[in-house]
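In what follows, a single structure is set out as structure tokens and then discussed.
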Amino acid sequence: MRLLHVHSGNLYGGVETLLSTLAHYRALCAEMEPEFALCFDGRIAAELRQAGTTVHVLGHVRARNPVQVIRARRRLIQVMSAGAFDAVICHMAWPLAIFGAAVRRINLPLIFWMHDAVIRRNWLVFWAGLLSPDLVLCNSRYTASTLGRLFNAVPFETLYYPVVRRAEKLESAQREMLRSHLNTPSEAVVILQASRMESWKGHWLLLDALARLADVPQWVCWIAGGPQRHEEIAYAKALHARAAALGLAQRIHFLGQRSDIAQLLAAADIYCQPNLGAEPFGIAFVEAMYAELPVVTTVAGGPLEILDESSGLFVRPNDTLSLATMLGRLIADQGERRRLGANGARRAAQLCEPARQLQRLHAITQQSVNLGRTTC
């Protein structure tokens, strides 16, 4: 089955991690042959090429520029006409709004992979909702619960992402070297957050909670992830200033954009991401669970499906005191950290083992394609 995945390609986050997994681990489901069509030739395009897959660059597109939209649609039509694809998968509402009509013009089955919950209707949601796909893939039951705000009565399936167990066990010398490079003592309890530099990811709340633990010895916090947009640059600067104002500048290490997240997870002790809003799914949580780290996060969205009480600790959104209490408890109790971490690794494999999830993706898309052929 030949599948064309259509995405913007200008940023890097959970969706791009998924696309990279589909490319690099396609041998786990040889029945699917993926190609990719991206508007922007950036980091994810380079990763997909490195994996040996075909990347079609459609050209930069701004929704407010009709000339760019028309050119990109024409380019996509050329790609689809020449590619003998069995189906097209649009990732996120933006590609669906821009390219959905072009897919219909070629009369290919159209699948929409819904990576984000629809919290409120705006112009993009309205535009994307004008054309109903043949199938919607939802990355969590939480995301699926908001589907009615986008479409009326469309077929959908909930499919947790295939997530690769990237974290490796580090030898003690490797762990010491990485920690030393990051100016972190070997005996420190490291709290890690690795996420997009967006305010709803809860960095500010984490800093305020850690300020309550200023008298607790040995902990260090690593914050991985760099700003990708103008507003994120301002947010990152504000976080640096906040850490300094709280007197934590020596214990909060802002690591910026990293390509060694697997090693950071392996060298950390706790994963904490106290989102202020609901996470649609949360690849970072699954990766932390694979690394046998206890996870601390908020009671909202997809993480409620990924984690349970055996593998993580939940706090209410914006509850600084509760977050500080949970972190203090884990910092002090190595045994609990190990218990939660071991349970988390098993649960992550149960939910997101790549070979199984890729085979399920194939079965779902094959059924949709066959149904489309029968209907035609």
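Annotations for the structure displayed:
- In summary, E47 fulfils each of the numbered conditions (1) within 23 Å of the chain's Cα centre (by Cα); (2) in contact (Cβ under 8 Å) with a residue 60 or more places away in the chain; (3) in a helix (DSSP H, G or I) with the single exception of condition (2).
- Scope segment 41-50; condition in contact with a Leu (Cβ under 9 Å, 6 or more places away or on another chain) and at pLDDT 95 or above; matching residues: I44, A45, E47, L48
- Inspection of segment 314-332 finds no residue satisfying the criterion of being touching a helix residue (DSSP H, G or I) at 6+ places or on another chain (Cβ under 6 Å), among the small types (G, A, S), free of Cβ contacts under 8 Å to residues at least 40 places away in the same chain and farther than 24 Å from S20 by Cα.
- Being crowded, with 19+ Cβ neighbours inside 10 Å, touching a helix residue (DSSP H, G or I) at 6+ places or on another chain (Cβ under 6 Å) and in the same structural domain as I119 (by TED's automatic domain parsing) holds for only one residue in L293, L358, and it is L358.
- Only one of the listed residues (R141, R73) is surrounded by fewer than 20 Cβ atoms within 10 Å (Cβ to Cβ) and either more than 20 Å from the chain's Cα centre (by Cα) or not basic (K, R) (or both). That residue is R73.
- For segment 211-231, a tally of residues being within 22 Å of L11 (Cβ to Cβ), part of a helix (DSSP H, G or I) and modelled with pLDDT of 95 or more returns 0.
- Yes/no for T374 being farther than 24 Å from R165 by Cβ, of a type in the set (S, T, N, Q), over 16 Å from the mean Cα position of the chain (by Cα) and modelled with pLDDT of 95 or more: no
The values are calculated or read from the model by the stated rules, or taken from the named source; none is laboratory data. Just so it is clear, the model here is predicted, and its values are computed rather than measured. In this analysis, Cβ positions are derived from the backbone assuming ideal geometry, glycine residues included, and neighbour counts consider all displayed protein chains.
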